[in-house]
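What follows is a short report on a single structure.
The values are calculated or read from the model by the stated rules, or taken from the named source; none is laboratory data. Note that the structure is predicted; figures quoted are calculated from it, not measured. We place every Cβ from the backbone using ideal geometry, glycine too, and count neighbours over all the protein chains shown.
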Amino acid sequence: MRLLLSLSFAALLLAAGCSKDKDVEPPATLVKNFKSTLPVKKLWSESVGGGKKQIKLRLGLGPAIDNGLVFAASHKGEMVAVTLETGHNVWVKKLKMPISAGPAAGFGIVVAGSSKGAVIALDGATGRQLWRSQINSELLSSPAISEKVVVIRSVDGRLHGLDKTSGKSLWSVEQQVPRLSLRGTATPVVAKEAAISGFDNGKVMAVSLITGDTIWDTALASPHGRTELDRLVDIDSAVHVVGDNVFATGYQGRTAMLALDSGQLWWSHDMSSYRGLAVDADNIYVTQSDGIVVAMRQRDGAELWRNDKLKRRGLSTPIVTGTAVALADFQGYIHWLDKDTGVLVARERISKQRVSNPPAGSENTIVVLTDGGTLAAYRATARVSSPPPAPVAAPAAAPAAAEPSPPIEPVAPAATETTPPADTPPAEKTPPPAATPPAPPR
């Protein structure tokens, strides 16, 4: 039997027990009169339902982008499709189901899940319903869509494969669910012929996309500690695949690089994150549980920079744009950090509502959905500096009559040795304070 204990209630108990402790750290105060060095333009804003009930439920509702359209949904059952550039409504669908997961978009369809285990697929261009399937367990994360299979996680520890054309169940695999876990489930990812997902027991598993057979099963973290809170090791965020490598991070666990074909750990650092990470061609960017943002080199995990100016602000999953890393916080602010230095370069406020779910991005444009249902798009474009003047060619020298000088042997530059930064220190093994607590468990 699952332990019916709300993590938010546990956080309140923890806060009450520590109320006399003057070392409890409040959320970081934002710098006033901040001057942006990265031009950011708000493209449009749209309302997608929401309300106070949706905010309290901590659902897996986030935007998705496909074929120039943005898709979003509310718990009341409204799903919309708008153009990425203008926010113009393409279609609106009133579904008779409490949507709690997704939507995901790809290969011409849009898929979402409900609190009661229903999965529905719509045509991306028209909103026409294609099929509906039933899983019989609450859904709290976006599905993954491949050419033939839709993969979705449910809160009972199962990973499901559904036929993309009909919604028929193809396979189902299961991992053990601890008695206490954070509220939420990892979004699965499809890479080559495998579906990969993290689980509440701290494991990452890859299964065959066609048969559901387990390819590998790797423990990113192992529970330890005296209390159930100490033993939380949930992986509630999506892994990212770059080439033949898989990058994953978990709560009170590790951030690591694994081999796509075998699940072997290449490197890992102790780090706690329940929001997740983002990647570009060379680096990974992690939002830690305490709100510190860390950039690391992909090939060896060496730390490049860290930003602690947004500590305890309940940051969302990061998203990478052309020159910056964007994150949203519990007060509806969106922050852009320079990819090379981690310095804050821009800030906008979408609303006063919290942003819990990952933003979606397309090049330098990001789309954010608040927990209250406000959907907005922003574009950040780096300033183009003027090119330096072309060097002036020196006049040709007259040929010398004297005997030419002997050739000068080239001298090799002195070798330099770069020492990678020390490993990231272990994150705190206690949940975030009540001011910005992580999602409550089921």
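Quick one: which strands (runs of 3 or more DSSP E) sit completely within the range 204-318 and have at least 2 residues that are in contact (Cβ under 8 Å) with a residue 40 or more places away in the chain and closer than 21 Å to residue 358 by Cα? Talk me through it step by step, then tell me what you get.
Details: elements: 214-219, 240-242, 245-249, 253-259, 265-271, 276-279, 283-287, 293-297, 303-307.
Qualifying strands (runs of 3 or more DSSP E): 240-242, 245-249, 253-259, 276-279, 283-287, 293-297.
Could you pull out the residue among 102, 68 that is closer than 27 Å to residue 240 by Cβ and surrounded by fewer than 17 Cβ atoms within 10 Å (Cβ to Cβ)?
Values: 102 fails: surrounded by fewer than 17 Cβ atoms within 10 Å (Cβ to Cβ).
When all the criteria are applied, what remains is 68.
Failed condition for residue 107, given (1) buried (at least 19 other Cβ atoms within 10 Å of the Cβ); (2) within 26 Å of residue 166 (Cα to Cα); (3) of a type in the set (A, V, I, L, M, F, W, C), with all others met?
Looking at each condition in turn, residue 107 falls short on (1).
Does any residue in the range 338-353 that is surrounded by fewer than 19 Cβ atoms within 10 Å (Cβ to Cβ) and hydrophobic (A, V, I, L, M, F, W, C) come within less than 9 Å, Cβ to Cβ, of a residue that is modelled with pLDDT of 95 or more and part of a strand (DSSP E or B) six or more places away or on a different chain, and which pairs are these?
Pairs found: 343/305; 343/307; 343/337.
Could you list all residues from the range 14-38 that are at pLDDT 85 or above and hydroxyl-bearing (Ser, Thr, Tyr)? Quick ask: steps written out before the conclusion?
From the range 14-38, those at pLDDT 85 or above are 25-38; that's our starting set.
29, 36, 37, listed by residue number.
So residue 314 passes all but one of these: (1) touching a strand residue (DSSP E or B) at 6+ places or on another chain (Cβ under 6 Å); (2) farther than 16 Å from residue 277 by Cβ; (3) crowded, with 22+ Cβ neighbours inside 10 Å; (4) not aliphatic (A, V, I, L, M). Which condition number does it fail?
Every condition holds for residue 314 apart from (1).
Check the range 209-231 and report whether any residue there is crowded, with 19+ Cβ neighbours inside 10 Å, more than 19 Å from the chain's Cα centre (by Cα), aliphatic (A, V, I, L, M) and under 25 Å from residue 112 (Cα atoms).
Yes, the range 209-231 contains a residue that is crowded, with 19+ Cβ neighbours inside 10 Å, more than 19 Å from the chain's Cα centre (by Cα), aliphatic (A, V, I, L, M) and under 25 Å from residue 112 (Cα atoms).
Conditions: (1) closer than 17 Å to residue 106 by Cβ; (2) in contact (Cβ under 8 Å) with a residue 60 or more places away in the chain. Residue 81 meets all but one. Number of the miss?
Going through (1) closer than 17 Å to residue 106 by Cβ; (2) in contact (Cβ under 8 Å) with a residue 60 or more places away in the chain one by one, residue 81 breaks only (2).
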